[in-house]
Structure formats: structure tokens, C-alpha cells
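Colleague: This is the structure I have questions about; it appears just below.
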Amino acid sequence: MSEIATTYTQARDRFAALCDAVTANRETIIIRRRGKEDVALIAASELRSLVETAHLTASPANTRRLERTLRDAKAGRRMTRLSISQLRAWTEAAPKGGTRARGKA
């Protein structure tokens, strides 16, 4: 993801082109405003992704689980497939704020 800076006046004059660049190329447009805080123009899907990532990593325990899962996937360790009902039962039985034993479902 790259970043382009522009002034408020330039952004207003080229708004449609900037929106196209944001959605087509995953650009982030920083709009500089004289005497006020800068703002950013990003694709809505990019914002949703950032918000979801922030939510998923807000809990240190969940961050550790995600990191462990990523390491396992990169090492070629297979994941156990669970049905939705099995997954619900597994998450409801999980200790609050704790971790489950690996490989248990």
C-alpha cells in the first residue's frame, strides 16, 4: 500500500481521480489541511480490513493464537477441520482469557 500526499484544494479539484486511485491501486491519499489535522482517503474495504485486524489483535491471547496458527501453517502443519457446531462447542468450552491444549477439539 503506497501513500500519496496532496493539499485540500488539489484533492477537491481531483476528487474523482483520487477515489479511482484509492480503489484501483490501494493507494492511501493523505490530504493536508492548512492549520488543521491531515485526513486520509482509503478504500472502504481497506478500512474494514484494518478495523478487523485491530479487533483481532486487541487481545494479547488472541494475538498469540493467531501467531501460533500462522507459524503452524507456514510449517505445513495441518489444521483440524471442524463443523460449525463443533467450533461453537469448542469456543464455548474454552477458558476465558486462557488457551486450549493444542490438537484438542
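Where a number appears in this text, it was derived from the coordinates with a stated rule and is not lab data. Worth saying up front: this structure is predicted, and the values here are computed from it rather than measured. FYI the Cβ positions are ideal-geometry reconstructions off the backbone, even for glycines, and counts take in every protein chain you see.
Colleague: Using a cut-off of 11 Å between beta-carbons, work out the net charge of the residues near Ser2 (Lys and Arg +1, Asp and Glu -1, Ser2 not included).
Modeller: Cβ neighbours under 11 Å give a net charge of -1.
Colleague: Counting Lys +1, Arg +1, Asp -1, Glu -1, what net charge surrounds Asp13 among other residues with beta carbon under 15 Å of its beta carbon?
Modeller: Net local charge, Asp13 excluded: +3.
Colleague: A further question follows. Shape of segment 8-47 from its Cα gyration tensor (a ≥ b ≥ c, root eigenvalues): rounded if a/c is under 1.5, otherwise prolate when a/b > b/c, or oblate?
Modeller: Taking the square roots of the gyration eigenvalues as a ≥ b ≥ c, segment 8-47 is oblate.
Colleague: Roughly what % antiparallel, to the nearest 5, for the DSSP beta bridges in the chain?
Modeller: 45 percent
Colleague: At R0 = 25 Å, how high is the FRET efficiency between Arg77 and Ser2 if r is their beta carbon distance? Nearest 0.05 is fine.
Modeller: With R0 = 25 Å, the Cβ-Cβ based efficiency is 0.15.
Colleague: Using a Förster distance of 22 Å, how high is the FRET efficiency between Arg48 and Thr23, based on the Cβ-Cβ distance and rounded to 0.05?
Modeller: Calculated transfer efficiency: 0.95.
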